[in-house]
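What follows is a set of notes on a single structure, which appears directly below.
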Amino acid sequence: MLSQALKSLLRPDKRVVVLTGAGISTESGVPTFRGEDGLWKKFKPEELATFDAFISNPQLVWEWYEYRRKLISEVKPNPAHHSLVKMEDFFEDFHLITQNVDGLHQKAGSKKVIELHGNIKRNKCIKCGREFEELEFSSKEIPPKCTCGGMLRPDVVWFGEMLPAQAINEAFKVSSLCDIFFSIGTSAIVYPAAHLPVVAKQGGAYLVEINIERTELSNLADEVFLGKAGEILPEIAKVIREA
C-alpha cells in the first residue's frame, strides 16, 4: 500500500510533523455538536462559541461546554491515535499538531502535541489569563470564578479569536523544517492551519495526505491515501515496526 519512496523515508532520523483535523476524532465517535437533542437543538455552535455570547449569557455557554465535555469524556482514542503514539516513539524528531480540542491524542499517550485550538478540558480566566485544569476549581458558581474574581471560560479558540501565538508559531517552525509531513483528517481549507502543509512542501518535505476524500491539498501531496485514518495509520506503524 505504501510507496517505496515513503517506505525509504520512514527512518528514525527523519523529522516528522503530523497535522490532524476533525476526521480523526470523528472515527472515535466525537460528535459534531450540530443538531443535538434537547435544549441545544435550538442553537448553532456559531451562536454559542463566541466571546460575545459568553459575556451575554455566561451560564448558557458554560453549560453547553459542560454538556460537550461529558460527551467527549465517554469517547476513547481509536487505532489512528494509538498509531501516532508509536510513530512518536519511533522518530527522534516528531511533532503532532492538532486542530481538535478533545484531548484524545494525549489520552492515547501522545506527548509532543501542539494544540492550535486549545483544549476543552482546560479553562482560563478572562481577567488574568490563569489556566485551570478540569475540576481544579471548587467554586459552585456557574461559571466558576478565578481567585482574581474573573469568570472562567473554556480554553478553546472561539469564532473571531486568534489562534494562540506560541502554538501557531511553533507549528509553522517545525513544519518548515520537517522531512515528512502528514495531513490527516482535515479538509485543508481552514487557515492558517491549511497553510502548514504548503510551508512543509516548500521546505522540501515529502507530503502525505490521509483523508476519506480528496481535498484542495491532494494535488500538492506526494502521496494520497483515501480512507479512514484508523485503517491507514496502523499500516504505516506496521512498516515502522518492521524497519
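Measure off 7 Å from each Cα along the Cα-to-Cβ vector at I189 and S218, then give the distance between these two points in nanometres to one decimal.
1.3 nm
Per residue, how much accessible area does region 176-225 have with a 1.4 Å probe, in Å²?
Per residue, region 176-225 has an accessible area of 42 Å².
Quick check on region 1-133: of the DSSP beta bridges with both residues there, what percent are antiparallel, nearest 5%? Walk me through the intermediate numbers first.
On the way: 2 of 11 bridges.
Bridges in region 1-133 are about 20 percent antiparallel.
Considering only P143, V190, G160, whose Cα is most displaced toward the positive end of the charge dipole of region 139-211, charges sitting on Cβ of Lys, Arg (+1) and Asp, Glu (-1)?
It is P143, whose Cα lies furthest towards the positive end.
Give the Cα extents of region 69-210 along the principal axes, in whole Å, largest first.
Result for region 69-210: principal-axis Cα extents of 51, 30, 26 Å.
For the chain, with all protein chains present and a 1.4 Å probe, just round the carbon and sulfur fraction of the accessible area to a whole percent. Let's see the in-between values first.
Numbers: 6140 of 11970 Å².
Carbon and sulfur atoms account for 51 percent of the accessible area of the chain.
In degrees between 0 and 90, to the nearest 10, how far off the longest principal axis of the chain does helix 79-90 point, with axes built from Cα atoms?
Around 60 degrees separate the two axes.
Note the angle between two axes, namely the Cα long axis of helix 58-73 and the longest principal axis of the Cα atoms of the chain, as a number of degrees from 0 to 90, rounded to the nearest 10.
The helix 58-73 is inclined about 40 degrees to the chain.
What residue among A188, A229, A165 has the largest mean-square fluctuation in a Gaussian network model of the chain, using Cα springs under 10 Å?
Residue with maximal mean-square fluctuation among A188, A229, A165: A165.
Give the relative contact order (percent, whole number) for the chain; include only Cα pairs under 8 Å separated by 6+ residues. Please report the intermediate quantities before stating the final value.
Working: 407 pairs, mean separation 59.3, N = 243.
RCO, the chain: 24 percent.
Running Debye on the chain with equal point scatterers at the Cα sites and no solvent, what base-10 log of I(q)/I(0) appears at q = 0.10, 0.11, 0.13, 0.15 Å⁻¹?
-0.50, -0.60, -0.82, -1.03
At 0.36 nm per residue, minus the direct Cα-Cα distance, what do K238 and K7 gain on full extension? Give it in nm, one decimal, please. Please report the intermediate quantities before stating the final value.
Working: separation 231, 0.36 × 231 = 83.16 nm, distance 1.10 nm.
This chain segment gains 82.1 nm when fully extended.
By how many nm would the segment from L177 to S73 grow when fully extended, if each residue of separation counts as 0.36 nm and the alpha-carbon distance is taken off?
Working: separation 104, 0.36 × 104 = 37.44 nm, distance 3.49 nm.
Gain on stretching L177 to S73: 33.9 nm.
Enter the angle in degrees (range 0 to 90, nearest 10) between the Cα long axis of helix 165-177 and the first principal axis of the Cα atoms of the chain, meaning the one along which they spread out most.
0 degrees
With a Förster radius of 35 Å, plug the Cβ-Cβ distance of D93 and M162 into 1/(1 + (r/R0)^6) and report the FRET value to the nearest 0.05. Display every interim value, and only then the final one.
Working: r = 28 Å, r/R0 = 0.79.
Computed FRET efficiency for D93 and M162 comes out at 0.80.
Loop-only chymotrypsin sites (Phe, Trp or Tyr not before Pro) in region 91-176, please: DSSP not H, G, I, E or B, and at most 11 other Cβ atoms within 10 Å.
Details: sites: F91, F94, F132, F137, W158, F159, F172; in loops: F91, F137, W158, F159.
The qualifying sites: there are none.
The values are calculated or read from the model by the stated rules, or taken from the named source; none is laboratory data. Being a predicted model, the structure only gives us computed values, none of them experimental. Neighbour counts are summed over all protein chains in view; Cβ atoms, including those assigned to glycine, are modelled from backbone coordinates with ideal geometry. Heavy atoms of the whole protein, side chains included, go into the accessibility calculation; ligands, DNA and RNA do not. Shrake-Rupley method; radii C 1.70, N 1.55, O 1.52, S 1.80 Å.
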